[in-house]
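> Here it is, the structure in full.
The values are calculated or read from the model by the stated rules, or taken from the named source; none is laboratory data. Owing to the predicted nature of the structure, the values given are computational and were not obtained by experimental measurement. Backbone-built Cβ (ideal geometry, glycine too); neighbour counts: all protein chains shown. For accessibility, only protein heavy atoms count, side chains too; no ligands or nucleic acids. Shrake-Rupley method; radii C 1.70, N 1.55, O 1.52, S 1.80 Å.
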Amino acid sequence: MFCAARRRASWHAAAPIVQSWRMRFATWNVNSVKARLPRLLGWLESAQPDVVCLQETKVAADAFPAEQVEALGYRVAAHGQGRWNGVALLSRVGLTQVRRGFPGEPGFPGPEARAIGATCGGVRFLSVYVPNGRTPDDPHYAYKLSWLAALRTALADDVPRGALVVAGDFNVAPTDDDVWDPAVFAGATHVTPPERDALTALRDLGLRDVVGRPLKGDRPFTYWDYRAGMFHQNKGMRIDLVLATPDVADAVDDAVVDREARKGSGPSDHAPIVVDASGLGTPSAGS
DNA sequence: ATGGCGTTCTCCGAACGA
């Protein structure tokens, strides 16, 4: 894991000289891992994360392009169903105790690939893709709320044990400051009180919201619609979150929204959140 | 956000996303 501190992206050039145990982890909704593969591989090489939570991979587990990712030194655990959803974990600091889904996870109506957990470098990671909800009067909205409630129940025993990161696309903007114009979203999904209450209930278990630092503007948006130049006008939403137990949150040195990954040709509509932490996990967990 | 774009499969239109 020491190598994690050697090659860092330009936005983190000011690396401390102190030699402490560091881990860099990230979450990114890639909106199809197959369509995004060249960009994902390039990003892994430049950002050099130790652990990555991916969402919306949109491939069955056996169709995940694992070989190319493994060639960069990562182990891969994927949970997919084909065309929709799909989550994965990439790690170069160990990948053990992989679990797809979580106990009591609802479906719509059948199971969907929206959560995958594993232990990486002594830290438990859960990559989540929360249901979108579509509109508040859609059955998918009730599904979203029940899914979040079930996630809370499933995590209740894990959070007190610490060393846990739940990261991904939550499809909820925690506050009105987390959308570019609250008036546009009035009455829409992603901002309703029940969705926000479900997030609060998760945090009330003892999870902290590790907010990424925006690299442009004053708000740490993580998603911008592809249409109408929304990204260039910075009309975005903060719907991708990193929730961490206090021991992890206290170890965080820096967290940024890597908006560079949203630029250029063929981007995802989401940007990664990249988190640096020190003093976490165990050195021996590296291989 | 009345749409605008992008990905996927049933593939040249529809479903979904947020």
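> Place a label point 7 angstrom from the Cα of A:ALA60 along the Cα-to-Cβ direction, then list the residues of segment A:74-115 whose backbone nitrogen is under 17 Å away.
Of the residues in segment A:74-115, A:78-87, A:111-114 have backbone N under 17 Å from the label point off A:ALA60.
> So, with a 1.4 angstrom probe, what is the percent of accessible area on segment A:170-244 that is carbon and sulfur?
54
> Net charge within 11 Å of A:THR27 by Cβ-Cβ distance, Lys/Arg positive one each and Asp/Glu negative one each, not counting A:THR27 itself?
Numbers: positive: none; negative: A:ASP169, A:ASP240, A:ASP258.
Every neighbour counted, the sum reads -3.
> Taking only protein heavy atoms into account and a 1.4 Å probe, give the accessible area per residue of chain A in Å².
On the way: 11660 Å² over 287 residues.
Averaged over the residues of chain A, the accessible area is 41 Å².
> Another question about this same structure. Counting only other residues whose beta carbon sits under 11 Å from that of A:LEU199, what net charge do I get with K and R as +1, D and E as -1?
Values: positive: A:ARG152, A:ARG196, A:ARG203; negative: A:ASP178, A:GLU195, A:ASP197, A:ASP204, A:ASP209.
So the surrounding residues net to -2.
> Let me know the charge dipole size of chain A about its Cα centre in debye, to the nearest 20, where only the beta-carbon of Lys, Arg (+1) and Asp, Glu (-1) is charged.
700
> Oh, and also: Hey, which of these cross-link pairs are over 28 Å Cα-Cα: A:LYS58/A:LYS235; A:LYS34/A:LYS144; A:LYS58/A:LYS216?
On the way: A:LYS58/A:LYS235 26 Å; A:LYS34/A:LYS144 26 Å; A:LYS58/A:LYS216 30 Å.
Among A:LYS58/A:LYS235; A:LYS34/A:LYS144; A:LYS58/A:LYS216, the Cα-Cα distance tops 28 Å for A:LYS58/A:LYS216.
> In whole Å, how far is the Cα centre of segment A:38-87 from that of segment A:213-241?
Each part's Cα centre sits 23 Å from the other's.
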